[in-house]
1. Give me the angle, in degrees from 0 to 90, between the Cα long axis of helix 283-311 and the longest principal axis of the Cα atoms of the chain, rounded to the nearest 10.
2. Exposure proxy check: 261, 150 ranked by fewest other beta carbons within 10 Å?
3. Return 291, 253, 70 ranked ascending by Cβ neighbour count within 10 Å, so the fewest neighbours appear first.
4. For residue 92, what charge total do you get from the other residues with a beta carbon under 12 Å from its beta carbon, if Lys and Arg give +1 and Asp and Glu give -1?
5. Just want the ordering: 188, 292, 215, from fewest to most Cβ atoms lying within 10 Å of their own Cβ.
6. Read through the labelled values (1) -0.43, -0.78; (2) -0.54, -0.93; (3) -0.69, -1.03 and report the label of the one computed as log10 I(q)/I(0) by the Debye sum over Cα atoms at q = 0.09, 0.12 Å⁻¹ from the structure.
7. Quick one: if the Förster radius is 45 Å, what FRET efficiency do residue 152 and residue 120 give, using the C-beta to C-beta distance and rounding to 0.05?
8. Please report the relative contact order for the chain, taking Cα pairs under 8 Å with a sequence separation of at least 6, and give it as a percent rounded to a whole number.
Amino acid sequence: MSALDTRPRAVSTRTRPAASGTRPRWRRHTTVAALFLAPLLFFYGVYYLYSFFFLVKVSRTQSSLTFTDVTQVGWDNFRLVLTDELFLRSVANNLVFAAVSIGAALTLGFFLAVSLASGVRMRRFFYSVFLLPSLIPLSLFATVFGRMLETDDGAVNNTLRSLGLGALAQDWFGSDGPAYAALFVLLIFLVGLPIMYYTSDLATVNTSVLESAMIDGAGTWQMYRLILFPMLRNTHTTVVLSVLLGSFRAFDVVYFSTNGEPGGRTSITGTYIYNTMLGDYRAGYASAAAVIVLLVALGVSLIQVLVTRRSR
């Protein structure tokens with residue numbers, strides 16, 4: 001028998017070509033995922049497409065909630081909606097409330113997130129305090145807040161009277177200024193979700209940059225303004241677009257707190273459509289307003305998707 005060849009042999013680094021008829025693993029995984037998601041996607045697709053086309057169909061009619069005695073009016077409902085001062089004010093309120101929420105998120109939310117991430121004492125307790133208003137049902141939170149601001153037996157006015165400051169007690173929902181101020185405070189309380197966004201992204205920040213800045217003598221304010229804030233620019237974009245889109249879904253916040261008072265001047269598009277549909281029983285007109293708001297919200301969602309893809 002010949003001796004075994006014990007000399008080391010060169011190992012070939014060439015990969016074998018995939019056998020004919022086989023697909024890459026990622027394609028097989030994609031196919032399996034698509035098969036599992038197909039029934040759900042089909043259901044949602046049919047549901048949303050049917051709802052949208054039904055809404056567009058009703059928006060071109062004049063009808064009640066029972067959809068009897070339907071009269072075709074073409075695009076007149078859209079023209080009336082776009083020339084209605086109350087609707088335009090509702091859209092403006094959406095933008096104003098979104099601006100307040102964005103301002104609170106980019107300042108207070110950012111500051112609180114960084115402070116809590118720095119390892120302060122009892123940070124779990126503070127996380128619970130700041131996140132709780134955003135995690136409980138907004139309808140419940142807004143209802144309690146509205147009850148606190150009632151004129152006769154609200155907690156705010158009663159507290160002011162007990163402290164000898166009865167002159168400051170007022171009808172909070174009786175005039176524009178106090179009503180807007182009350183909603184601004186309520187929206188600032190809902191800063192918990194932006195804190196969650198910032199907290200998750202702060203975990204990915206390169207701490208060596210902060211350490212170098214501290215060695216160079218950078219102060220706390222400089223660290224916040226010149227280093228951390230620019231480093232989280234992608235998070236800022238996500239927060240801005242999310243809050244802006246969420247302002248179109250803030251129906252329960254406004255309805256259960258001020259209900260659009262005084263005189264509908266603090267209403268948003270959601271409360272405007274609700275009151276038009278169930279208050280005035282104008283299904284076609286309310287559907288036209290809903291289509292306009294839906295198209296605006298879809299536009300904001302598209303911008304959010306595009307910006308998110310570019311930031312990756």
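Quick note: the coordinates plus some simple rules give every number you see, no bench work behind them. Model, not experiment: these values are computed from the prediction. Ideal geometry is used to build each Cβ from the backbone, glycine not excepted, and the neighbour counts take in all protein chains shown.
1. Tilt of helix 283-311: around 30 degrees.
2. Ranked by crowding around the Cβ, least crowded first: 150, 261.
3. In increasing order of surrounding Cβ atoms, one gets 70, 291, 253.
4. With Lys, Arg at +1 and Asp, Glu at -1, the net is +1.
5. 215, 188, 292
6. Calculated log10 I(q)/I(0) by the Debye sum over Cα atoms at q = 0.09, 0.12 Å⁻¹: the matching label is (3).
7. E between residue 152 and residue 120, to the nearest 0.05, is 0.65.
8. Dividing the mean separation by the residue count of the chain yields 28 percent.
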